[in-house]
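The values are calculated or read from the model by the stated rules, or taken from the named source; none is laboratory data. Predicted model only: the values in this text are computed from it and were never measured. Here the Cβ is made from the backbone with ideal geometry for all residues, glycine too, and neighbour counts use every protein chain on show. All accessible areas refer to the heavy atoms of the entire protein, side chains included, with ligands and DNA or RNA removed. Shrake-Rupley method; radii C 1.70, N 1.55, O 1.52, S 1.80 Å.
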Amino acid sequence: MKITAIATTPLLIPYKKPYYWAQGVTHGAAVVLVEVHTDEGVTGYGESIASPSAEAIQAYLEQAEAICVGRSPFENSRLIAEAYHHLFQAQGTCSAPRFAGQVLAGLEMALWDAAGKIAGRPVHELLGGAQRDEVRYFGFAQGDSPEEIAGEAKALAAAGTEVIYVKVGRGDALDLAIVEQVRAAIGPAARLRVDPNEHWDAARAARMIRKMLPFDVEMIEQPTNAESLAALARVRAGSPIAVAADQLVFTPYDAFNVCRAQAADLIVLGLHETGGLLRFGKAAHIAEAAGVDVCIHGLYESGITTCAALQVASTVANLDDGNQYMNHFLAWDIIESPDLALRQGRLAVGSAPGLGFEIDWDAVAKAAACHKSDTCGHA
Ligand SMILES: [Mg+2]
């Protein structure tokens with residue numbers, strides 16, 4: 001069983017409506033579909049986020065292809081290590097483990113998908129087996145105005161979602177209006193989390209946390225600049241509300257440093273940050289040893305990543321019950337199965353071979369056309 005080719009296709013999957021967050025407004029999920037072809041006809045699929053440019057990510061993955069061709073898809077760990085060395089360290093770009101993770105995540109996922117299909121087993125079984133049959137997600141309430149966000153939050157809570165999550169960091173008065181109106185809409189029982197996406201400094205975070213206390217916020221996610229471990233640790237030390245680290249943690253080393261500094265009550269981890277499933281598990285295990293839970297991070301991604309994250313998250317003992325979910329932002333997905341609509345905030349862990357999805361090739365063609373025209377996501 002040998003890898004014969006790595007194919008890449010840039011895609012743009014439009015969102016149903018604009019996505020508002022502290023870093024701006026986003027109109028769609030830009031990704032690069034990665035296909036690992038083998039000499040026995042099995043193909044594995046993954047995706048890398050296409051930031052900052054799909055063509056740039058494709059160029060990196062073309063270099064990785066030269067390393068993978070002729071090798072076994074069961075050499076995942078070694079292939080990714082060699083690709084990282086060749087693409088980054090050997091080129092003098094030694095300090096880019098985070099970007100490297102984003103570039104190589106799609107290849108790592110596709111190698112797992114191929115390995116699972118060849119073995120005829122779901123990937124979670126190759127990783128040691130699932131610790132749970134379903135994963136619980138928060139309800140992500142979106143919109144421009146507090147009224148719009150509160151309306152979505154109310155519907156999510158009414159549908160049985162226990163944890164509601166909203167973006168803030170868009171201005172203090174607007175942030176407080178969002179939190180006040182969302183709390184009023186979801187009632188006292190629902191749990192509420194907010195994410196300022198690094199837009200506060202430590203002093204401002206302390207002030208905003210005090211002002212949010214009457215609205216029973218249970219978690220503030222990455223309030224301060226992700227470059228500063230000290231800032232997050234200072235916020236957490238003085239905060240009566242739990243604090244999560246998100247953009248501060250990409251690698252297992254980051255997870256260790258956050259835990260050692262006691263800078264977070266929760267670590268938000270995505271496959272596109274860690275560089276795939278294996279390092280997601282490693283970072284989660286470090287957090288487990290420190291008594292810190294992890295939750296799945298959502299980013300620009302299709303159901304491919306949702307399914308891949310489900311596979312590895314099901315094996316993690318210290319998985320939080322408020323995982324991030326952005327699949328419902330998509331106007332349409334590029335997988336035809338499984339159905340990834342949340343049922344009371346839950347998704348079942350797939351048992352189909354590989355990562356457990358079937359590609360919808362008509363949708364892939366439509367998303368490839370969207371990327372070329374660059375208009376679908378801005379309609
Ligand atoms: Mg976040």
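Think of it this way: in the chain, Cys68, Cys94, Cys259, Cys295, Cys307 stand alone, with no other Cys Cβ under 4.7 Å. Separation of the stretch 222-268 and the stretch 17-37, taken as the distance between their Cα centroids, equals 25 angstrom. Each Lys or Arg adds one and each Asp or Glu subtracts one; over the other residues with Cβ under 15 Å from the Cβ of Val294, this totals -4.
Over the stretch 126-355, accessible surface divided per residue gives 36 Å², non-protein components excluded, 1.4 Å probe. May I ask for the net charge around Asp254, where only other residues with Cβ less than 14 Å from the Cβ of Asp254 are counted and Lys, Arg are +1 while Asp, Glu are -1? With Lys, Arg at +1 and Asp, Glu at -1, the net is +1. Neighbours of Asp265 by Cβ distance under 12 Å: Lys/Arg scored +1, Asp/Glu scored -1, total -2. Per residue, the convex hull spanned by the alpha carbons of the stretch 3-111 comes to 104 Å³. Straight-line reach from Lys16: which lysines have a Cα under 20 Å away, not including same-chain ones fewer than 8 places off? Of all the lysines, those that pass the test against Lys16 - Cα under 20 Å, at least 8 places apart if same chain - are Lys154, Lys167, Lys366, Lys372.
Taking a point 7 Å out from the Cα of Thr26 in the direction of its Cβ, the residues of the stretch 39-83 whose backbone N falls within less than 20 Å of it are 46-58.
Mean-square fluctuations from a GNM of the chain, with a 10 angstrom spring cutoff on Cα atoms, peak among Ala368, Ala150, Ala66 at Ala66.
Backbone phi angles across the stretch 318-325, fed through the Karplus curve with coefficients 6.51, -1.76 and 1.60 (θ = phi - 60°), yield HN-Hα couplings of 9, 7, 6, 9, x, 7, 8, 9 Hz in residue order; Gly and Pro are listed as x. Computed over protein heavy atoms with a 1.4 Å probe, the carbon and sulfur contribution to the accessible area of the chain reaches 51%. If you wrap the chain in the convex hull of its Cα atoms and look at it from every side, the mean projected area works out to 17.1 nm².
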